[in-house]
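One structure is given here, and the rest of the page talks about it.
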Amino acid sequence: MRDKVIRALILDKQVRLFISDNTALINEIVSLNEQNHRILNVALGKIVSGISLLSATLKGEQRLSATFTLGNSKYKIYADADSNGNIRGYNSRNSLKAETLEGISIKELIGQKGTIRMIKGFNMSQFTGITDMPYQNIDDDLSHYFKQSEQLETLIETNLDFGKDNTVSHSYGMFAQLLPGASKHLLKEVKEKINTNSNIFKNLKVMEDIQIEQQLKSYFSDSLIIGLNGIKFSCGCSKEMFYGLLYSIERKDLLEYIHDNKSIESSCHICGRSYIFSPSELKLLL
Ligand SMILES: [Zn+2]
């Protein structure tokens, strides 16, 4: 079954709460990145998990693009989402050298200089927000982003379990945001209630919507499910996008490929899809 974000209103409609089991999505993205360091997989997984929850806040043509710059500023993690739940995420190609990662924690990976940059909106109307990462743990830093940049009291929590072979055996998360006029202490209540009942996440995949609502009602008596947003990995790359790269090939090299009747293969570093340009297609570039 496709992963989804469940959207609910709780606590007298003062808080909007999203919960999600996004194991399939996060597993696909982490495995496509082929990082052999667990800590990079954890960072990527948590970031994409957070962004996948945020996709449920988008409307219409809105998109969200996030760049997390870690302590070593050469190292970045990117995640994008649109309102249809198409999500992608990837590590910068400038990965840190393996030996610099030995035994380090998420806190050390983010360091003192981590930043979050988010661009939200659509073509003509975009909003960019940049904040630091004072908590050095991704979840609280994402919450901090909302407080600083959008003046919205928000709570984001993501959880990942890895199997022995670096695959993600379980990934889930929640997003809770105060609606205008709500009192601040409510988020603490949500955090405590959900964390002491985290079993709900283990069963989200197999529960009917009505059962999820009943379960939420047992924590917050007036819970109301207002929608479900499907989420899935989608790179969005296309053959056309790769034509641009081919223009950087020198004319004499192109002529050689055409003369030798050879194709050029180019592959996307985000999803691994290969695009093959035949000699007749290469001729169009001359
Ligand atoms: Zn791609």
Any chance you could look up the accessible area of V168 with a 1.4 Å probe, heavy atoms only, rounded to 10 Å²?
10 Å²
Taking a point 7 angstrom from the Cα of M241 along the C-beta vector, which residues in the stretch 1-35 have backbone N less than 16 Å away?
29, 32-33
If the stretch 1-109 were replaced by its equivalent ellipsoid, with semi-axes equal to the square roots of 5 times the Cα gyration tensor eigenvalues, what would those be, largest first, whole Å?
28, 14, 14
Per-residue [θ]222 nm for the chain (sum of -39500 (n - 2.57) over DSSP H runs n ≥ 4, rounded to 500):
-10000 deg cm²/dmol
For E208 and C271, what does the FRET efficiency come to when R0 = 22 Å and r is the distance between their Cβ atoms, rounded to the nearest 0.05?
0.10
Distance (nanometres) between label positions extended 7 Å along Cα→Cβ at K13 and L286
6.8 nm
Dipole of the chain [Lys/Arg +1, Asp/Glu -1 at C-beta], most positive-end residue of N41, L224, F201
L224
Could you tell me the relative contact order of the chain? Use alpha-carbon pairs under 8 Å, at least six residues apart, and round to a whole percent.
24 percent
Fully extended contour minus Cα-Cα distance, from T196 to E108, at 0.36 nm per residue
28.9 nm
Whole number in Å², please: accessible area per residue of the chain, 1.4 Å probe, ligands, DNA and RNA not counted.
51 Å²
Find the centroid of the Cα atoms in the stretch 9-53 and in the stretch 204-253, then give the distance between the two in whole Å.
10 Å
For labels at F122 and S234 in the simple 7 Å Cα→Cβ model, what's the distance in nm?
1.4 nm
Return the FRET efficiency for the residue pair S31, E189: r is the Cβ-Cβ distance, R0 is 41 Å, and the value is rounded to the nearest 0.05.
0.65
Sequence-separation-based contact order of the stretch 1-97, relative, with Cα cut under 8 Å and 6+ spacing, percent:
21 percent
First compute the accessible area of the stretch 246-286 with a 1.4 Å probe, then give the percent of it belonging to carbon and sulfur atoms.
48 percent
Would you mind telling me which residue in A182, A81, A66 has the biggest mean-square fluctuation in a Gaussian network model of the chain, where springs connect alpha carbons within a distance under 10 angstrom?
A182
Here FRET efficiency (C-beta to C-beta, N84 to D253, R₀ 41 Å, nearest 0.05) is 0.55
Treating the beta-carbon of each Lys and Arg as +1 and of each Asp and Glu as -1, no other charges, what is the dipole magnitude of the stretch 112-251 about its Cα centre, to the nearest 20 debye?
220 debye
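The values are calculated or read from the model by the stated rules, or taken from the named source; none is laboratory data. These numbers were taken from a predicted model, which means no experiment stands behind them. Heads up, the Cβs are rebuilt from the backbone with ideal geometry, glycines too, and the neighbour counts pull from every protein chain shown. These area figures cover heavy atoms from the full protein model, side chains too; ligands, DNA and RNA do not enter into them. Shrake-Rupley method; radii C 1.70, N 1.55, O 1.52, S 1.80 Å.
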